[in-house]
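Data block below; observations after.
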Amino acid sequence: MKILAVETATLTASCAVVENGRVLGELTTSHAKTHSQQLVPMIQSLLELLDLKANQIDLYAASIGPGSFTGLRIGIVTVKGMAYALKKPVCGIPTLDALAYSVNDFKGVVCPMMDARNNQVYTAIYRKNHGEFRRVSDYFGIHVTELAGRLDAFGEEVLLLGDGAPLHHETMQGLIRQPVLQADKTLFLPRAACTALLAEKQAQEGSLSSPYELEPFYLRKSQAERMKELGASQV
């Protein structure tokens, strides 16, 4: 099964194709152009490099968030459009899962952190359980000091990654009694290859969707929605 995945939850745009657990190709850019300008050309270039046609892709996948409201919409709409036109199934992968999957061999607690500003992060907690790497908490938006308390309770070495890691690593070191490590800088942003590999796993488990069902996963409302509610409450 060939799977094409896109990652647009952050300022970085990424697309990848995997087959049978092997990454056939991946393109990633952090250029100033918007995702709406570069994502489709990137997909076209990747397929050309791999000598593939869009109809040879068996499954289309997208990172669904949390992350940039605009970026996520662009990635999801692109995948939905291609899958609908080609009558292919789709798969949505939470962005935090894809981030954590890049370090799934770590022996302690893995904590991907996406910056949500004001010392808050989007996050979840992962670790190996009976030999299988899995999420052991809800997805949540949380202040870093509260997150530190939750991580400290595991009593294990902690690995931070994501764009929130360099912002809060020092704070976490001061609040957690166990060693707190920071992943390599190459793992600060999610990759489409990890999204695709997780989608392949879901496909093997029979957990796929139609293009109509693919939706973004937001942990909090957009700033525009929050401002609108604030204005309404003051009327």
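Here is how the numbers come out for the structure above:
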quantity: In degrees, nearest ten, helix 69-86 long axis to first principal axis of the chain (Cα); calculated: 30
quantity: FRET efficiency estimate (nearest 0.05) - Cβ-Cβ, residue 184 to residue 143, R0 22 angstrom; calculated: 0.25
quantity: Structure-based [θ]222 nm, the chain - -39500 (n - 2.57) summed over DSSP H runs of at least 4, per residue, nearest 500; calculated: -11000 deg cm²/dmol
quantity: Length released on extending from residue 173 to residue 84, taking residue separation times 0.36 nm less the Cα-Cα span; calculated: 27.3 nm
quantity: Modelled FRET efficiency - R0 30 Å, residue 129 with residue 11, Cβ distances, 0.05 increments; calculated: 0.35
quantity: Size of electric dipole in the chain: Cβ of Lys, Arg +1 and of Asp, Glu -1, about Cα centre, debye, nearest 20; calculated: 360
quantity: Positive dipole terminus of region 103-187, leading residue within 171, 142, 104 (C-beta point charges); calculated: 104
quantity: C-alpha long axis of helix 165-175 to longest principal axis of the chain, angle in °; calculated: 30
quantity: DSSP-defined beta bridges in region 67-179 - what % are antiparallel, rounded to 5; calculated: 75
quantity: Length-normalised contact order for region 103-187 - Cα pairs under 8 Å, 6+ apart - percent; calculated: 29
quantity: Surrounding net charge for residue 52, when Lys and Arg each add one and Asp and Glu each subtract one, Cβ distance under 12 Å; calculated: -2
quantity: Sequence-separation-based contact order of the chain, relative, with Cα cut under 8 Å and 6+ spacing, percent; calculated: 23
quantity: Sparse-neighbourhood loop sites, trypsin sites (Lys or Arg not before Pro) in region 1-61 - DSSP loop, at most 10 other Cβ within 10 angstrom; calculated: 53
quantity: Across 107/201; 80/107; 88/185; 80/201, pairs whose alpha-carbon gap is larger than 29 Å; calculated: 80/107; 88/185
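Bear in mind that the values in this text are calculations on the coordinates, not laboratory data. Computed from a predicted structure; not experimentally measured. Neighbour counts are summed over all protein chains in view; Cβ atoms, including those assigned to glycine, are modelled from backbone coordinates with ideal geometry.
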